[in-house]
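J.: Provided herewith is a single structure, encoded as structure tokens, for subsequent inquiry.
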Amino acid sequence: MARTFERQSDLFNKSPQIVRDTDYFEQTIGKITTAEDLVSDRRLLRVALGAFGLQEDIDSRAFIRAILEGGTINEDSLANRLADDRYKQLAEAFAFADRPIPRTQLSAFGSEITEKFRRREFEVAVGDQDQSLRLALNARRELGDIAGDDAAEDTRWFRILGNTPLRRVFEVALGLPESFAQADLDRQLDEIKSRAARQLNIGSLSDLADTDVQEQLLRRFLLRDQMASINVQSSQSIALTLLQSVPPRS
């Protein structure tokens, strides 16, 4: 699966629109030194937001500017108060408020962001055709970061539970019931850790750095998701057949 996605991704990244957007960003971002500069350039902002999956905020310029100008060092900053961790990642990446010189001035910054942008855009394109594959691609990107995080084990699991797309992948892959989300958070933590240990044979989330373990998780997710879809379609077909067999009232 990984090799297939890589080939498709390479072709997608060579499309004219992606090439124009990423070339412009890499050539221009070094001139940007403030949050106001960034939000004032829609082409730059589109790539910046797209790199973090925030493309729907393209018209919320004041909101994005407030996040970027607030930074992440102050615990009361807007980025730290929002439940969605992507805004914090955005503010940290550009560091307009957190550093004397923003990261836009680093020579490798442009390529760092465009690489993220390409991956996210490919996920969106895949999702237009198959939402399950988009979730799988998103998980592949996120799992490496979580595996390499030096935070405590439970903290990393809570990160998964708080990330809706990634949580969905684990829930389906591990066969967790729909009622799982209604359980007490500590109980959710114990159950998902227990199932992951039994079904994926992992003792720690650091094991997810192994691509074979990642592939095992994603294959389980896609297979179970496909089976659930087939079951739903079969149930709908049976219901339709029963309805059609009911004789009309005279």
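J.: State the Cα centre-to-centre distance between region 25-43 and region 50-117 in whole Å.
T.: Cα centroid of region 25-43 versus Cα centroid of region 50-117: 12 Å apart.
J.: For region 2-118, what class follows from the C-alpha gyration tensor (a ≥ b ≥ c being the square roots of its eigenvalues): rounded when a/c is under 1.5, otherwise prolate if a/b is larger than b/c, else oblate?
T.: Prolate is the answer for region 2-118, as a/c is 1.5 or above and a/b outweighs b/c.
J.: Suppose every K and R has +1 on its Cβ and every D and E has -1 on its Cβ; what is the size of the dipole of region 2-118 about the Cα centre, in Debye to the nearest 20?
T.: Approximately 360 debye in magnitude.
J.: Treat the count of other C-beta atoms within 10 Å as a stand-in for reagent exposure and order Glu26, Glu36 from fewest to most. Before the final figure, lay out each step's value.
T.: On the way: Glu26 17, Glu36 13.
Ascending Cβ contact count within 10 Å gives the list Glu36, Glu26.
J.: Place a +1 charge on the Cβ of each Lys and Arg in the chain and a -1 charge on the Cβ of each Asp and Glu, then give the dipole magnitude about the Cα centre in debye, rounded to the nearest 20. Spell out each step's value before the answer.
T.: Values: 34 positive and 41 negative charges, 165 e Å.
Here the chain has a charge dipole of around 800 debye.
J.: Taking the alpha-carbon distance from Lys14 and a cut-off under 18 Å, which lysines remain once sequence neighbours fewer than 8 residues away in the same chain are dropped?
T.: Qualifying lysines at Cα under 18 Å: Lys116.
J.: Give the order of Ile32, Ile101 when sorted by the count of other beta carbons within 10 angstrom, beginning with the fewest. All intermediate terms of the calculation are to be shown ahead of the outcome.
T.: Numbers: Ile32 22, Ile101 10.
Listing Ile32, Ile101 from fewest to most nearby Cβ atoms yields Ile101, Ile32.
J.: Among Ser9, Gly50, Gly110, which residue has its Cα positioned farthest towards the positive end of the charge dipole of region 2-118, with +1 placed on the Cβ of Lys and Arg, -1 on the Cβ of Asp and Glu, and the dipole taken about the Cα centre?
T.: Ser9
J.: Which angle from 0 to 90°, rounded to the nearest 10, does the C-alpha axis of helix 109-129 make with the longest principal axis of the chain?
T.: Tilt relative to the chain: about 20 degrees.
J.: Here is a follow-up. Nearest 10 degrees is fine. How inclined is helix 16-28 to the longest principal axis of the chain, computing both from alpha carbons?
T.: 30 degrees
J.: Based only on other Cβ atoms within 10 Å, what is the fewest-to-most ordering of Thr28, Thr72, Thr104?
T.: Thr28, Thr72, Thr104
J.: Something else now. Take Gln8, project a point 7 Å from its Cα along the Cβ direction, then tell me which residues of region 113-128 have their backbone nitrogen under 13 Å from it.
T.: Residues passing the 13 Å test: 122-128.
J.: Follow-up. Return a whole-number percent for the relative contact order of the chain, with Cα pairs under 8 Å and 6 or more residues apart as the contact set. Could you put the intermediate results ahead of the total?
T.: Working: 240 pairs, mean separation 39.7, N = 250.
Once normalised by length, the contact order is 16 percent.
J.: Hey, what number do you get for the chain at 222 nm if only DSSP H runs of n ≥ 4 count, each worth -39500 (n - 2.57), divided across all residues, to the nearest 500?
T.: Value at 222 nm, helices only, nearest 500: -22000 deg cm²/dmol.
J.: Give me the extension gain from Arg187 to Asp76: residue separation times 0.36 nm, minus the current Cα-Cα distance, reported in nm with one decimal. Walk me through the numbers on the way to the answer.
T.: Working: separation 111, 0.36 × 111 = 39.96 nm, distance 2.97 nm.
Length difference between fully extended and current span is 37.0 nm.
J.: Here's something else I'd like to know. Suppose the chain between Ala83 and Glu56 were pulled fully straight at 0.36 nm per residue; how much longer would it get relative to their current alpha carbon spacing?
T.: 8.1 nm
J.: I'd like to compare 87-98, 199-210: which one has the highest average count of other Cβ atoms within 10 Å, and what's the full order after that?
T.: On the way: 87-98: 20.2, 199-210: 15.6.
Descending packing order for the listed peptides: 87-98, 199-210.
Any read-out appearing in this document is the output of simple, stated calculations on the displayed coordinates, not a laboratory observation. Worth saying up front: this structure is predicted, and the values here are computed from it rather than measured. Virtual Cβ from ideal backbone geometry, glycine too; neighbours counted across all protein chains shown.
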